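Q: Pasting in a structure now, in structure tokens, and then I'll have a few things to ask.
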């Protein structure tokens, strides 16, 4: 969080409970319309992609609850990540004189770059799925590429980003022989 040193203030039980309830309510609002078959989306063999219904509820689910809400969440999370990174960096400039501070600063940067890359990839997938794919109407392979393949790739690239950014995870993934566990170095 942006207020990493005000933990007791920010994470009081009442605020934590309100945050959890808000997350559940927003998630429920996004999922609730899918309980009606006429409002859901399905695979279209005409475009080799998943499409929302051509009804008002399909527009609300696809455009407002899925696209706009997801873009807003990426922007909010990116803003919080940036503010947190900036706050920690300015705090450490004032207080850190030990060599251990450089190690921690490097770890902070890795987490920040990981979050930034993941947010950009997810945002790119949303734009590809909901905006760019509309220009490919009539070409089923381009529609398939900008929707289904983009959706698969965002999840693949997300995992690759985690592996690339964290040496400990790379070592655990690619170590041969015995089973090992990764530990974070700070």
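Q: Considering only residues that are at pLDDT 80 or above and in a loop (DSSP other than H, G, I, E, B), which ones fall in segment 1-45?
A: 12, 36, 45
Q: Restricting to segment 55-80, count the residues that are under 11 Å from the mean Cα position of the chain (by Cα) and not in a helix (DSSP H, G or I).
A: Qualifying residue count for the region: 0.
Q: I've got another one for you. Tell me which residues, restricted to segment 71-97, are touching a residue at least 40 places away in the same chain (Cβ under 8 Å), over 22 Å from residue 122 (Cα atoms) and either loosely packed, with under 15 Cβ neighbours inside 10 Å or in contact with a helix residue (DSSP H, G or I) (Cβ under 6 Å, 6 or more places away or on another chain) (or both). Reasoning before the result, please.
A: Going through segment 71-97, the residues touching a residue at least 40 places away in the same chain (Cβ under 8 Å) turn out to be 71, 74, 77-78, 80, 83-84, 87-88, 91.
Next, only the ones that are over 22 Å from residue 122 (Cα atoms) stay: 87-88, 91.
Hits for segment 71-97 are 88, 91.
Q: Confirm whether residue 163 is in a helix (DSSP H, G or I), within 21 Å of residue 70 (Cα to Cα) and either touching a strand residue (DSSP E or B) at 6+ places or on another chain (Cβ under 8 Å) or modelled with pLDDT of 90 or more (or both).
A: On the way: in a helix (DSSP H, G or I): yes; within 21 Å of residue 70 (Cα to Cα): no; either touching a strand residue (DSSP E or B) at 6+ places or on another chain (Cβ under 8 Å) or modelled with pLDDT of 90 or more (or both): yes.
No: the conditions fail for residue 163.
Q: Now for a different question. Starting from segment 127-143, keep only residues that are closer than 20 Å to residue 71 by Cα, then list their pairs with residues that are at pLDDT below 90 and surrounded by fewer than 16 Cβ atoms within 10 Å (Cβ to Cβ) whose Cβ atoms are within a distance under 9 Å, requiring at least 6 positions of separation or different chains.
A: 129/50; 130/63
Q: Among the residues of segment 56-70, is there at least one that is touching a strand residue (DSSP E or B) at 6+ places or on another chain (Cβ under 6 Å) and in contact (Cβ under 8 Å) with a residue 60 or more places away in the chain?
A: yes
Q: Go through (1) out of contact with any strand residue (DSSP E or B) (no Cβ under 9 Å at 6 or more places or on another chain); (2) surrounded by 12 or more Cβ atoms within 10 Å (Cβ to Cβ); (3) at pLDDT 90 or above; (4) under 29 Å from residue 166 (Cα atoms) one by one and return the number of the condition residue 151 breaks.
A: Answer for residue 151: the failing condition is (1).
The values are calculated or read from the model by the stated rules, or taken from the named source; none is laboratory data. This structure is a prediction, so every number in the text was calculated from the model and none was measured. Because the Cβ atoms are built from the backbone with ideal geometry, glycine has one as well, and the counts that use them run over all protein chains shown.
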